[in-house]
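> One structure, as structure tokens, below. Some questions next.
The values are calculated or read from the model by the stated rules, or taken from the named source; none is laboratory data. For clarity, every value in this text was computed on a predicted model and none was experimentally measured. Every residue, glycine as well, gets a Cβ built from its backbone with ideal geometry; the counts of neighbours run over all protein chains shown. Surface accessibility is based on the protein's heavy atoms, side chains included, excluding ligands, DNA and RNA. Shrake-Rupley method; radii C 1.70, N 1.55, O 1.52, S 1.80 Å.
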Amino acid sequence: MSKDYYGTLGVDHDATAEQIKKAYRRQAMKVHPDVAQDEDAADKFKALSEAYEVLSDPNKRAVYDRGGDPMSGQGAGFSGFGGGFAGGFDFSNLVDAMFGAQGSRGPRSRVRQGQDALVRARLQLHEAVFGTTKPIRIDTAVVCPTCHGKGGEPGSEPVTCPVCDGHGDITQVQRSFIGDIRTSQPCPNCRGFGTTIPRPCGECSGEGRVRTSRTISVRIPAGVASGIRIHLEGQGEVGPGGGPAGDLYVELSVAEHDTFRRDGDNLEMVVKLPMTAAALGTTVDVATLEAEWDASAPEDRKVAVEIPPGTQSGTRIALKGRGVPRLRGGGRGDLGITVLVQTPTRLDDRQRELLRELAEARNETSAEAETHQGGKGVLSWLRETFS
């Protein structure tokens, strides 16, 4: 056995059929006479093709591995490049190895899977916090109501394509110096379907689907936030030929609220208090977000908040369990109420006199401004003051 077919292809003796095919494809791209400029390119390609012919055929490979001549009884090998391969080598194997399968693919189905669709829905804050069922209007492809996805007028049937005889593709043969090259491509008459529709449906033009607007009800779970997508299986685009619908994704965005600000699972709000109320302490009734939710209990729509005497501006009072329901897991966050103490700007003479008496009683008539001391920055000091 003088020829080293494994060495020619650059593979091991235990190489699989797929490894042999890939090696041949890689080498053929380099030494093909139409690509390589070497004078011996034709000889290299002939040797490479012979090695592939032997090792890609299990019977010939077995004979070769036993030390026999796999080409015996099949001519003397290659008889030149003018008349093809004398050994009966089918050039379709070469094309298959170099460029992938080129044989008949058969007719493709008119019924195909539809694509996914994406719509956006805007929610009010109370809808995102407590959940809701929201009607969403979408514009998608649906099954044609006239032909029911078949693509033809009622009563008509597809007919076999006369060009490809129902195969869906056509084969072309080209002569070359290394033999016949057979290539296959979709039939231009039936576009690869193997059949034609002589009387296309007038409503869908043979597509089997039409576009229309429809409204669906989407359940929004409690605790969602902007950017979350709700997945609805089978509510997307119907495929060509009335094929199965893709999925629908509803992307949510939450509008800003005039009173409440969301911070993760917490709701934050600001309550303004007169200076006297903050100094003496008081109780204030605060409307909660439940006041905008029709399904809430009346007693949950307002909460009494105790303001301790001497409360400073920036003080945050946390009400446990009054925030946003956790989307994954139980419980709710907090409702954070930040107190903003308001200094009076318009005083009559009597009010001004009373404040002056208060200042004298507290020895604050000539109070000096408190300056920040220490190594921390001003911003850190402000954060601590209002935390």
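> Out of the residues in the range 192-202 that are under 13 Å from G241 (Cα atoms), of a type outside the set (F, W, Y) and not in a strand (DSSP E or B), which is least open to solvent (accessible area, probe 1.4 Å)?
C201
> Okay, moving on. Just one of (1) assigned to a loop (DSSP other than H, G, I, E, B); (2) in contact with a strand residue (DSSP E or B) (Cβ under 7 Å, 6 or more places away or on another chain) trips up P309, so point out which.
Every listed condition holds for P309 apart from (2).
> Separate question: In this structure, is R214 part of a strand (DSSP E or B), modelled with pLDDT under 95 and not aromatic (F, W, Y)? Lay out the reasoning, then the answer.
Working: part of a strand (DSSP E or B): yes; modelled with pLDDT under 95: yes; not aromatic (F, W, Y): yes.
The answer is yes for R214.
> To continue, here is another question. Is it fair to say T276 is farther than 23 Å from V224 by Cβ and at pLDDT below 95? Can you show your working first?
On the way: farther than 23 Å from V224 by Cβ: yes; at pLDDT below 95: yes.
For T276, the condition - farther than 23 Å from V224 by Cβ and at pLDDT below 95 - is met.
> If A295 satisfies every condition in (1) touching a helix residue (DSSP H, G or I) at 6+ places or on another chain (Cβ under 8 Å); (2) at pLDDT 95 or above but one, which is the exception?
Failed condition: (2).
> Further question on the same structure: Give the range 289-306 a look and list any residue that's of a type in the set (G, A, S) and in a helix (DSSP H, G or I), or say none.
Once the filter is applied, which keeps residues that are of a type in the set (G, A, S) and in a helix (DSSP H, G or I), the range 289-306 yields only A291.
> How many of the residues in the range 115-131 are open to solvent by 20 Å² or more (accessible area, probe 1.4 Å) and more than 28 Å from R211 (Cα to Cα)? Outline the logic, then answer.
So in the range 115-131, the residues open to solvent by 20 Å² or more (accessible area, probe 1.4 Å) come out as 115-116, 118-120, 122, 124, 126-127, 130.
This time we only want the ones that are more than 28 Å from R211 (Cα to Cα), so: 124, 126-127, 130.
Within the range 115-131, residues that are open to solvent by 20 Å² or more (accessible area, probe 1.4 Å) and more than 28 Å from R211 (Cα to Cα) number 4.
> Does R332 fit the bill of being at pLDDT below 95, closer than 30 Å to E290 by Cβ and open to solvent by 60 Å² or more (accessible area, probe 1.4 Å)? Write out each step before concluding.
Numbers: at pLDDT below 95: yes; closer than 30 Å to E290 by Cβ: yes; open to solvent by 60 Å² or more (accessible area, probe 1.4 Å): yes.
So R332 passes the test.
> Follow-up. Go through the range 203-219 and report how many residues are touching a residue at least 40 places away in the same chain (Cβ under 8 Å) and open to solvent by 40 Å² or more (accessible area, probe 1.4 Å). If you could, list the steps in order and put the result at the bottom.
At the first step, the residues of the range 203-219 found to be touching a residue at least 40 places away in the same chain (Cβ under 8 Å) are 203-204, 206-219.
Within this subset, residues satisfying the condition of being open to solvent by 40 Å² or more (accessible area, probe 1.4 Å) are 203, 207, 209, 211-215, 217, 219.
Count: 10.
> Something else: Assuming S92 fulfils every condition listed in (1) farther than 30 Å from L289 by Cα; (2) among the polar types (S, T, N, Q); (3) surrounded by 17 or more Cβ atoms within 10 Å (Cβ to Cβ); (4) modelled with pLDDT of 60 or more apart from one, which condition is it?
(4) is the only condition that S92 fails.
> Kindly indicate whether V54 is modelled with pLDDT under 85 and among the aliphatic types (A, V, I, L, M).
Working: modelled with pLDDT under 85: no; among the aliphatic types (A, V, I, L, M): yes.
So V54 fails the test.
> Separate question: Scan the range 277-309 for residues that are surrounded by 14 or more Cβ atoms within 10 Å (Cβ to Cβ), over 14 Å from R322 (Cα atoms) and among the β-branched types (V, I, T) and jot them down.
Selection gives T282, V284, I307.
> May I pose another question? If I go through the range 360-379 residue by residue, how many of them are surrounded by 11 or more Cβ atoms within 10 Å (Cβ to Cβ) and either at pLDDT 90 or above or touching a Phe, Trp or Tyr at 6+ places or on another chain (Cβ under 9 Å) (or both)?
Residues meeting the conditions: 1.
> Restricting the search to the range 278-289, which residues are without any contact (Cβ under 8 Å) to a residue 40 or more places away in the chain and either within 25 Å of H257 (Cβ to Cβ) or aromatic (F, W, Y) (or both)?
In the first step, residues of the range 278-289 are kept if they are without any contact (Cβ under 8 Å) to a residue 40 or more places away in the chain; the result is 279-285, 287.
Scanning the range 278-289 gives T283, V284, D285, A287.
> For the range 5-44, what are the residues that are in contact (Cβ under 8 Å) with a residue 24 or more places away in the chain and in a helix (DSSP H, G or I)?
Passing the criteria: Y5, Y6, T8, L9, A17, I20, K21, Y24, R25, A28, M29, A42.
> Let me ask something else about it. Inside the range 1-55, can you point out the residues that are of a type in the set (S, T, Y) and exposed (fewer than 12 other Cβ atoms within 10 Å of the Cβ)? Spell out the reasoning first.
Narrowing the range 1-55 to residues of a type in the set (S, T, Y): 2, 5-6, 8, 16, 24, 49, 52.
If the condition is that a residue be of a type in the set (S, T, Y) and exposed (fewer than 12 other Cβ atoms within 10 Å of the Cβ), then S2, T16 are the ones that fit.
> Among the residues of the range 341-359, count how many are out of contact with any Leu (no Cβ under 8 Å at 6 or more places or on another chain) and open to solvent by 70 Å² or more (accessible area, probe 1.4 Å). Please lay out each step first, then the result.
Initial filter on the range 341-359 (out of contact with any Leu (no Cβ under 8 Å at 6 or more places or on another chain)): 343-346, 348-354, 356-359.
Filter once more, so that each one left must be open to solvent by 70 Å² or more (accessible area, probe 1.4 Å): 343, 345-346, 348-354, 356-358.
So the count comes out to 13.
> Considering only the range 315-329, how many residues are open to solvent by 40 Å² or more (accessible area, probe 1.4 Å) and either in a loop (DSSP other than H, G, I, E, B) or under 16 Å from F130 (Cα atoms) (or both)? Working first, answer last.
Taking the range 315-329 and keeping what is open to solvent by 40 Å² or more (accessible area, probe 1.4 Å), we get 315-316, 318, 320, 322, 326-329.
With the extra rule that they be either in a loop (DSSP other than H, G, I, E, B) or under 16 Å from F130 (Cα atoms) (or both), the set shrinks to 315, 320, 322, 326-329.
So the answer is 7.
> Report the residue count in the range 117-162 for those that are among the small types (G, A, S) and within 23 Å of A222 (Cβ to Cβ). Spell out how you get there, then give the answer.
So the first thing to find is which residues in the range 117-162 are among the small types (G, A, S), and the list is 117, 121, 128, 131, 141, 149, 151-152, 155-156.
Subsequent filtering for residues that are within 23 Å of A222 (Cβ to Cβ) retains 121, 128, 131.
So the count comes out to 3.
> Looking at A222, A141, can you tell me which residue is under 30 Å from D263 (Cα atoms) and either within 28 Å of the chain's Cα centre (by Cα) or open to solvent by 40 Å² or more (accessible area, probe 1.4 Å) (or both)? Walk me through how you get there before you give the answer.
Working: A141 fails: under 30 Å from D263 (Cα atoms).
Answer to the selection: A222.
> Further question: Mind counting the residues in the range 225-268 that are of a type in the set (A, V, I, L, M, F, W, C), more than 18 Å from T288 (Cα to Cα), open to solvent by less than 20 Å² (accessible area, probe 1.4 Å) and not in a loop (DSSP other than H, G, I, E, B)?
Counting residues in the range 225-268 that are of a type in the set (A, V, I, L, M, F, W, C), more than 18 Å from T288 (Cα to Cα), open to solvent by less than 20 Å² (accessible area, probe 1.4 Å) and not in a loop (DSSP other than H, G, I, E, B) gives 3.
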